[in-house]
Amino acid sequence: MLFFKKKPRVIPATEQISNFYGFRLKRGESYLIKEPKPERCFEIFTNIVKGICLECPQKEAFPCESIGCIECTFSCPCKRCEHARAQGLCFTMDPPEGLRQRYLLQTTPIFWISKYGEGSLNPANLGIIANIVNEFIHTSKNPIIMLDGIEFLCIMNGFVPVLKFLHDIRDRIILNKAILILTLDPAALDERELALIERNLQSVECSPKVFNLYNILRR
């Protein structure tokens with residue numbers, strides 16, 4: 001097995017735009033999506049990092065954008081915009097390569113929470129995950145973080161340390177106007193544990209009816 005011996009470097013990057021109807025989440029907030037598998041959470045996360053900046057009034061400038069819009073030599077309004085497109089960071093229980101292929105994520109940093117695999121993050125080391133989040137928040141523009149695998153982190157570390165870990169991340173999200181999307185299976189926790197997690201997170205309604213409407217609107 002191969003874990004990172006020290007904190008891995010995380011490089012914020014912008015994805016290529018693929019939609020113009022991004023899912024709206026408020027900066028400085030942490031959101032909870034309750035589902036057996038993190039399918040809808042990944043869809044929302046991907047929609048945001050591959051979408052336009054919702055605050056920018058220069059929407060006509062974005063169809064020509066290349067990844068990062070750094071090397072482009074054309075003069076366009078988006079380069080003078082004070083806003084920034086979302087840059088994402090993902091922690092997942094699934095192998096990153098499969099997720100990149102499924103959701104067409106090319107540049108977003110994805111870390112695998114696993115006891116095995118090259119470059120995996122040790123699930124028993126909450127500190128290294130917190131440090132990666134902190135570095136990303138301070139170096140990225142309009143950061144959005146997705147965290148999958150809370151149930152497994154509770155098994156490896158105990159519920160109380162994970163709850164403290166989530167509170168710390170939530171505070172950083174508020175102070176830096178970032179966004180956190182947390183996904184979990186409510187059946188994996190008891191009622192008290194779930195209530196403690198829900199207390200400081202905004203619930204995102206993702207019933208099949210609501211989510212199907214969201215998919216129709218973003219096309």
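The values are calculated or read from the model by the stated rules, or taken from the named source; none is laboratory data. Treat the numbers as computed from the prediction; the structure is a model and nothing was measured. Using ideal geometry, Cβ is built from the backbone for each residue, glycine included, and neighbour counts are taken over all protein chains shown.
Structure notes:
- Selected residue (only one of 17, 11 is modelled with pLDDT of 75 or more, over 23 Å from residue 175 (Cα atoms) and either of a type outside the set (D, E, K, R) or in a loop (DSSP other than H, G, I, E, B) (or both)): 17
- For beta carbons closer than 7 Å, sequence separation of 6+ or different chains, a first residue in the range 114-133 that is touching a residue at least 40 places away in the same chain (Cβ under 8 Å) and under 16 Å from residue 164 (Cα atoms) and a second that is in a helix (DSSP H, G or I) and not hydrophobic (A, V, I, L, M, F, W, C), the qualifying pairs are 133/172.
- Scope the range 174-185; condition among the β-branched types (Val, Ile, Thr) and under 23 Å from residue 158 (Cβ atoms); matching residues: 183
- Candidates in the range 186-219 are the residues that are modelled with pLDDT under 50 and surrounded by 14 or more Cβ atoms within 10 Å (Cβ to Cβ); of these, the one that is farthest from residue 156 (Cα to Cα) is 218.
- Hits in the range 136-184 - residues which are at pLDDT 95 or above, among the charged types (D, E, K, R) and more than 21 Å from residue 33 (Cβ to Cβ): 164
- When the strands (runs of 3 or more DSSP E) confined to the range 92-188 are screened for residues that are of a type in the set (Val, Ile, Thr), those reaching at least 2 such residues are found at 143-147, 179-184.
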